[in-house]
Amino acid sequence: MNAINYEKIKYHIEYGKVNNLYIHIKNGEVIVKAPRFITKKYIDKIVEQKRNWILKKLEESKNKPEEREYTKTDIENLKTKLEYIFPELIKQTNLVPNKIRIRNIKYAWGSCSSNKNITINLKLVDKSEEEIKYVVLHELCHLKYMNHSDKFWNLVEKYMPNYKEIRKQLKYNR
């Protein structure tokens, strides 16, 4: 049987230009983002209403490995790898982005905007050359097809017949 935790939940408030109140857990800390007009009393009430969710998320965050801190060296290492991967794949596919950026993205290995700008996740610095090539090719193919249609996947496969294996590796080793 689980013990019920009646301890007051400690949290940090960040007031700002937001329209709604948001609660999130970062590094084991409860952070409440709130519009400037919301009172501490109201925030206390909402935090208490969300007690079970907050406690669950705090427990989950204890079991998550710490986020790796990336350095300027990591950025340079990835940049060096991309400096020969991109030209090679651009030459093969004849698909040319407007801009290439490296960012620490939480939700994906890469992204391609409708403005033909490609962003590559800094976390790829720890991945194999083959995995980096797959992500770059994937994003380049979005320059032609801004979706994941059969045509898109056929294009990826044309330049990397074993892409499914590499894709699995990336998903498995997230």
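The values are calculated or read from the model by the stated rules, or taken from the named source; none is laboratory data. Computed from a prediction, not measured in an experiment: that's the story for all the values here. Reconstructed Cβ throughout: ideal geometry from the backbone, glycine too, with neighbour counts over all protein chains shown.
Descriptive notes on the structure:
- For segment 101-128, the set of residues classified as part of a loop (DSSP other than H, G, I, E, B) and at negative phi consists of Asn104, Ile105, Lys106, Tyr107, Ala108, Trp109, Ser113, Ser114, Asn115, Lys127, Ser128, listed by residue number.
Listed here are the residues, each with its yes/no results for (1) within 23 Å of Ile118 (Cβ to Cβ); (2) touching a residue at least 24 places away in the same chain (Cβ under 8 Å); (3) exposed (fewer than 11 other Cβ atoms within 10 Å of the Cβ); (4) small (Gly, Ala, Ser).
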position: Glu48; (1), (2), (3), (4): no, yes, no, no
position: Arg51; (1), (2), (3), (4): no, yes, no, no
position: Lys57; (1), (2), (3), (4): no, yes, no, no
position: Lys64; (1), (2), (3), (4): no, no, yes, no
position: Lys72; (1), (2), (3), (4): yes, no, yes, no
position: Lys79; (1), (2), (3), (4): yes, no, no, no
position: Leu82; (1), (2), (3), (4): yes, yes, no, no
position: Ile85; (1), (2), (3), (4): yes, yes, no, no
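- For segment 143-166, the tally of residues that are closer than 20 Å to Lys116 by Cα and among the aliphatic types (A, V, I, L, M) stands at 4.
- Residue selected from segment 39-77 under the condition basic (Lys, Arg) and at pLDDT 85 or above, by the criterion nearest to Lys127 (Cα to Cα): Lys72
- Taking segment 129-161 as the range and being in contact (Cβ under 8 Å) with a residue 24 or more places away in the chain, part of a loop (DSSP other than H, G, I, E, B) and under 16 Å from Leu89 (Cα atoms) as the test, the residues that pass are Leu143, Lys144, Met160.
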